[in-house]
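Inspection log for the structure reproduced underneath, given as C-alpha cells.
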Amino acid sequence: MSAKPRILVTTGNSRTGAGAVTELLRRGFPVRALVRKEDHRAQRLREAGVEVVVGSFYDIRDLRVALEDVQRVYQSSPHDSGILHGSMLLSLAAEEAGVEVVALMSTWNPHATHPSITEREHWITNSLYRRIPSLDVIHINPGVFAYMYLLGLPFIKNLGLLALPFGDGLNAPPSSEDIGAVAAGALANPAPYVGRFLRPMGPELISGEDASQALSRVLDRKVRYQDASLSMFTKAALAQGFPKFDIAQIRRYAEEIRAGAFGQTPNDHVREVVGRAPEGFESIARRYVANPDLIYPGLRAGSVPRTLGLAIRMMATRVPDLDRWESTRDYPTIEHGVLAHESPVWSEAAAAGRLAIQDPRAVAPSPPLVTA
C-alpha cells in the first residue's frame, strides 16, 4: 500500500483535471477521478492506473463515494451555472470525510459584482472556502487558457484566419496541462501553498498578432489575425455548435482582454511548483492542432469546402441577445454588473497578484444582540 495520501480529482477527464492526474501519477500518488459518465476517456484513466468513480458533481451521494479514504482534493468544477451548488456540496462532503486540503480551481477575474454568473459564483466559492476551519485551501486561478485562441480551428487551418475579439490585448496563455500540473504539485506538497493564490501563466505576454505568427509557423502557412467584433465571434461560435452558456461567459473575458485585465507580467508559479518552465504558446498550439480534442471535444478542422460552408452558415446566423437569453435562465442575474477592469476592488487585488475575494480576517464580527 502506498504511504502517500490518496488524491481525488473531480471532473478528472477535463482539460486541467487530466493534467493534474498525469502529474500526480508521475509523482507516484494514488489517484481517484470523479467523472460524469463512462466513456473512452474514463477507460483511458483506468488504463493509466487511476481509480475511476462515475457520478455527479451535484449529487452528495456520489461525492461521498468519491471521497472515501481521500486526504486531498483537486476541485475542478464543470463549466456551467452550478459551480456554487457543486462546490458547497463538495465542501460538506469533504468535511465529513476528513479531507485535509483542497486545491480550488477558479479564474483570474472573479469579483462580487461581475456580470458573469460564472465569475460571481467563483467569487462566492473562493470566499466561503476560506471560512471552513477544517479545510486548508490552495487557490488555483489562471487567466484565459491557450485553447481559447484555437476555438476557430477550421478557419485558422483552412482559411489562414485567426479571428478573435481580443483587440490588441495581451495575455500569457497557459496550457491546460500546466494548470493541472500546478494544482497537482501544490497538493503533492501543500504546506508552502496553503492560502496562496497560484496563477499558472505562459512564459510571455502575447497579442492576437503574436498568436497568428506562432500559428503560421505551426501550420507552415500564413495565418492573419483579425480583430473580430463580439457579434461576429458569437455568430462563428454558434455556427460551430458551441453552447450559448459558454459564449455568454467568454464574451465578458474578451472585453477584459481588450481592456488589459490579463496583461500582468508573467510570474514563475509553474516553475516554482512543478519545477520546469511553462509551455509557450507555439508549443501548445502544435500539440493542440495535432489533437483538436484538447481544444474542444469533437472539434475538427475539416476541409476547405466544409469551412467555406461553415462561413456561409455563420453569416446567416442571427446574433442572439445574450443578456435577454441569460435573463430567462434559472440562475440569478444582476443589473449594472461591472467587468474586472472596471472594479476598483478587483484592480487593487490584481495589482497585488491575488484574487479579489472576501478575506474572513477583514470582516468585522457582528455586534452582540441587544435585548430588553
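I'd like the FRET efficiency for Ser229 and His85, computed as 1/(1 + (r/R0)^6) with the beta carbon distance as r and R0 of 30 Å, rounded to 0.05. Rounded to the nearest 0.05, the efficiency is 0.30. Note on the chain: GNM, Cα springs under 10 Å; of Pro200, Pro266, Pro110, the largest mean-square fluctuation is that of Pro266.
Give the calculated FRET efficiency between Lys37 and Asp69 to the nearest 0.05, with a Förster radius of 30 Å applied to their Cβ-Cβ distance.
On the way: r = 24 Å, r/R0 = 0.78.
For R0 = 30 Å, the calculated efficiency reads 0.80.
Can you pull the Rg over Rh of region 153-208, Cα-only, Kirkwood? Each step should come with its number before you reach the end.
Values: Rg = 16.1 Å, Rh = 13.8 Å.
Result: Rg/Rh = 1.16.
Note that region 51-66 has calculated 3J(HN,Hα) couplings of 7, 10, 10, 8, x, 9, 5, 10, 10, 5, 5, 5, 5, 5, 4, 5 Hz, one per residue in order, obtained from phi through the Karplus relation 6.51 cos²θ - 1.76 cosθ + 1.60 (θ = phi - 60°); glycine and proline are x. Per-residue 3J(HN,Hα) values for region 81-95, derived from phi via the Karplus relation 6.51 cos²θ - 1.76 cosθ + 1.60 with θ = phi - 60°, read 7, x, 4, 5, 4, x, 5, 5, 4, 5, 4, 5, 5, 5, 4 Hz in sequence order (x marks Gly and Pro). For the chain, the longest principal axis of the alpha carbon atoms and the long axis of helix 244-258 meet at an angle near 80°. GNM on the chain, alpha-carbon springs under 10 angstrom: the most fluctuating residue among Thr328, Thr16, Thr317 is Thr328.
When only DSSP loop residues count, what GluC sites (Glu not before Pro) in region 330-362 have their Cβ near at most 11 other Cβ atoms within 10 Å? Each step should come with its number before you reach the end.
Working: sites: Glu335, Glu342, Glu348; in loops: Glu335.
Filter output for region 330-362: Glu335.
Considering only Gly160, Gly280, Gly298, the Gaussian network model of the chain with Cα springs below 10 Å gives its largest mean-square fluctuation to Gly298.
Write down, largest first, the equivalent ellipsoid semi-axes of the chain in whole Å, where each equals the square root of 5 times an eigenvalue of the alpha-carbon gyration tensor.
Working: eigenvalues 220, 130, 82 Å².
Working through the eigenvalues yields semi-axes of 33, 25, 20 Å.
Counting beta carbons within 10 Å around each of Glu51, Glu38 and listing the fewest first gives the order Glu38, Glu51.
Residues Val274, Val144 in ascending order of nearby Cβ atoms (within 10 Å, fewest first): Val274, Val144. Helix 208-219 and the longest principal axis of the Cα set of the chain meet at an angle near 70°. Peptide packing for 101-107, 249-255, 192-198 was compared via the average number of neighbouring C-beta atoms within 10 Å per residue; ordered from the highest value, the list is 101-107, 249-255, 192-198. Charging the Cβ of each Asp and Glu at -1 and of each Lys and Arg at +1, and nothing else, the dipole of the chain about its Cα centre rounds to 920 debye. Backbone amide hydrogens, once placed in the peptide plane, bring Ile138 within less than 5 Å of Val102, Ala103, Leu104, Gly195, excluding anything fewer than 5 places away on its chain.
Of the residues Phe242, Phe281, the one with the fewest other Cβ atoms within 10 Å heads the list, and the complete ranking is Phe242, Phe281. Take the Cα of Asn189, go 7 Å toward its beta carbon, and the backbone nitrogen atoms of region 250-283 under 13 Å from that spot belong to 271-276. Give me the Debye-computed log₁₀ of I(q)/I(0) at q = 0.12, 0.25 Å⁻¹ for region 120-219, equal point scatterers on Cα only, no solvent, two decimals. Log-scaled intensity ratios, in q order: -0.53, -1.31. Taking Cα atoms only, the orientation of helix 15-26 departs from the longest principal axis of the chain by about 60 degrees.
Roughly speaking, what is the stretch gain from Arg26 to Ala48, that is 0.36 nm per residue apart minus the C-alpha to C-alpha distance, in nm to one decimal? Net length gain for the segment: 6.9 nm. The lysines within cross-link reach of Lys4, meaning a Cα-to-Cα straight distance under 30 Å and a gap of 8 or more places when in the same chain, are Lys37.
Which net charge results for the neighbourhood of Ile60, defined as the other residues with beta-carbon distances under 14 angstrom from its beta-carbon, given Lys and Arg at +1 and Asp and Glu at -1?
On the way: positive: Arg61, Arg64; negative: Asp59, Asp62, Glu68, Glu95, Glu96.
Net charge around Ile60: -3.
Using the Cβ-Cβ distance between Arg329 and Arg131 with R0 set to 22 Å, the FRET efficiency from 1/(1 + (r/R0)^6) comes to roughly 0.20.
For region 284-363, which trypsin sites (Lys or Arg not before Pro) pass both filters: DSSP loop (anything but H, G, I, E, B) and at most 15 other C-beta atoms within 10 Å?
Details: sites: Arg286, Arg287, Arg300, Arg306, Arg313, Arg318, Arg324, Arg329, Arg354, Arg361; in loops: Arg300, Arg318, Arg329, Arg354.
Qualifying residues, ordered by number: Arg300, Arg318, Arg329, Arg354.
All of the numbers you see were taken from the coordinates with simple rules; none came from a lab. All values derive from a computational prediction rather than experimental measurement. A quick note on method: Cβ atoms are made from the backbone with ideal geometry, for glycine too, and the neighbour counts reach across all protein chains shown.
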